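A short worksheet on the structure shown next.
The values are calculated or read from the model by the stated rules, or taken from the named source; none is laboratory data. All of these numbers come straight from a predicted model, not from anything done at the bench. Every residue, glycine among them, receives a Cβ derived from its backbone with ideal geometry; neighbour counts consider all protein chains shown.
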Amino acid sequence: MVIQKAAYVISSPDQASCPKPDRPEYAFIGRSNVGKSSLINMITGQKQLAKTSATPGKTQLINHFDILSRKKENAPMQSWYLVDLPGYGFAKVSAGQRKKWEKMIEGYIRQRENLVNLFVLVDARHTPQPLDLAFVNKMGEWQVPFGIVFTKADKETQKTVAQNVRLFSEALLKQWEELPPMWVTSAEKRLGRDSLLDFITEMNVAYSERQKNS
């Protein structure tokens, strides 16, 4: 995929305030310190598109970015939304604010009709964390299409990363019959970028076909 344009559109406090659902949409979510903004910037090729911060919980709204891309040079243009969702986990906020975030995230994930795929980010440096496993299992209960993106693969040895991915997969298979799509990434080394964008390209094509046939 060749990204032609990536631009911020709007930050919304709830699903009802999001832009008109007139194109395929891909959302990114993960623990508050998982490197989500860095991954989004790496994917789009823009260093400052999503705001990075050393303080967990920086993202507090549903942030939409307008993306124009082509499968390859001179191919038809594809228009889609990339969405940066608030993280889940240990962000230092009040219990009331946390519940408000959880309600906002659930409303978006379960009601956004043009959401093609939710990318759940997991830190590749760590063994499976209960919070991540619980969130992934919840996506299964809600029947939300999703994939798992392991981040920060450059921060550990390949052996450790591979072991953590295997352990996470084994933990999921205790409840799942088959695994969701998975990617191992590094924002610094641009690892996994092409395969993620290829996946989105194919999903865009499938979305377009469904719209034509509906």
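If I filter the stretch 129-149 down to residues being in contact with a Gly (Cβ under 9 Å, 6 or more places away or on another chain) and among the aliphatic types (A, V, I, L, M), which single residue comes out as nearest to E102 (Cα to Cα)?
Here the residue is L131.
Please enumerate the residues belonging to the stretch 64-73 that are part of a strand (DSSP E or B) and either closer than 22 Å to K51 by Cα or of a type in the set (D, E) (or both).
Our first condition is that a residue be part of a strand (DSSP E or B); within the stretch 64-73, this holds for 64-70.
Within the stretch 64-73, H64, F65, D66, I67, L68, S69 qualify.
Which pairs do you get when a residue that is of a type in the set (V, I, T), found in the stretch 106-119, comes within reach of a residue that is in a loop (DSSP other than H, G, I, E, B), reach meaning Cβ atoms under 6 angstrom, with the pair 6+ apart or on two chains?
Pairs found: I109/V144; V116/P24.
Taking strands (runs of 3 or more DSSP E) that do not extend beyond the stretch 74-180, which have at least 2 residues that are hydroxyl-bearing (S, T, Y) and touching a strand residue (DSSP E or B) at 6+ places or on another chain (Cβ under 8 Å)?
Values: elements: 77-84, 115-123, 146-151.
In the stretch 74-180, the matching strands (runs of 3 or more DSSP E) lie at 77-84.
I'd like to check something: does the stretch 46-57 contain any residue that is surrounded by fewer than 22 Cβ atoms within 10 Å (Cβ to Cβ), modelled with pLDDT of 95 or more and not in a strand (DSSP E or B)? Let's see the steps before the verdict.
As a first pass, look at the stretch 46-57 and keep what is surrounded by fewer than 22 Cβ atoms within 10 Å (Cβ to Cβ): 46-49, 51-57.
Still in the running and modelled with pLDDT of 95 or more: none.
No: the stretch 46-57 contains no residue that is surrounded by fewer than 22 Cβ atoms within 10 Å (Cβ to Cβ), modelled with pLDDT of 95 or more and not in a strand (DSSP E or B).
Looking at the stretch 108-118, can you tell me whether even one residue there is crowded, with 19+ Cβ neighbours inside 10 Å and more than 25 Å from R70 (Cα to Cα)?
Yes, the conditions are met somewhere in the stretch 108-118.
Which residue pairs have Cβ atoms closer than 6 Å, lie 6 or more positions apart in sequence or on different chains, and pair a first residue in the stretch 75-89 that is of a type in the set (S, T, N, Q) with a second residue that is surrounded by fewer than 21 Cβ atoms within 10 Å (Cβ to Cβ) and not in a strand (DSSP E or B)?
Listed pairs, sorted by first residue: S79/R23.
For the stretch 185-204, name all the residues that are part of a loop (DSSP other than H, G, I, E, B) and either surrounded by fewer than 19 Cβ atoms within 10 Å (Cβ to Cβ) or free of Cβ contacts under 8 Å to residues at least 40 places away in the same chain (or both). Talk me through it step by step, then tell me what you get.
Start the filter on the stretch 185-204 by keeping residues that are part of a loop (DSSP other than H, G, I, E, B), which leaves 185, 187-190, 192.
Within the stretch 185-204, E188, K189, R190 qualify.
In this structure, does W142 turn out to be in contact with a Lys or Arg (Cβ under 6 Å, 6 or more places away or on another chain), hydrophobic (A, V, I, L, M, F, W, C) and modelled with pLDDT under 95? If you could, list the steps in order and put the result at the bottom.
Values: in contact with a Lys or Arg (Cβ under 6 Å, 6 or more places away or on another chain): yes; hydrophobic (A, V, I, L, M, F, W, C): yes; modelled with pLDDT under 95: yes.
Yes, satisfied.
Which pairs turn up if I take residues in the stretch 1-25 that are within 24 Å of E202 (Cα to Cα) and look for partners that are hydrophobic (A, V, I, L, M, F, W, C) and assigned to a loop (DSSP other than H, G, I, E, B) with beta carbon separation below 6 Å, at least 6 apart in sequence or on another chain?
Listed pairs, sorted by first residue: A6/L49.
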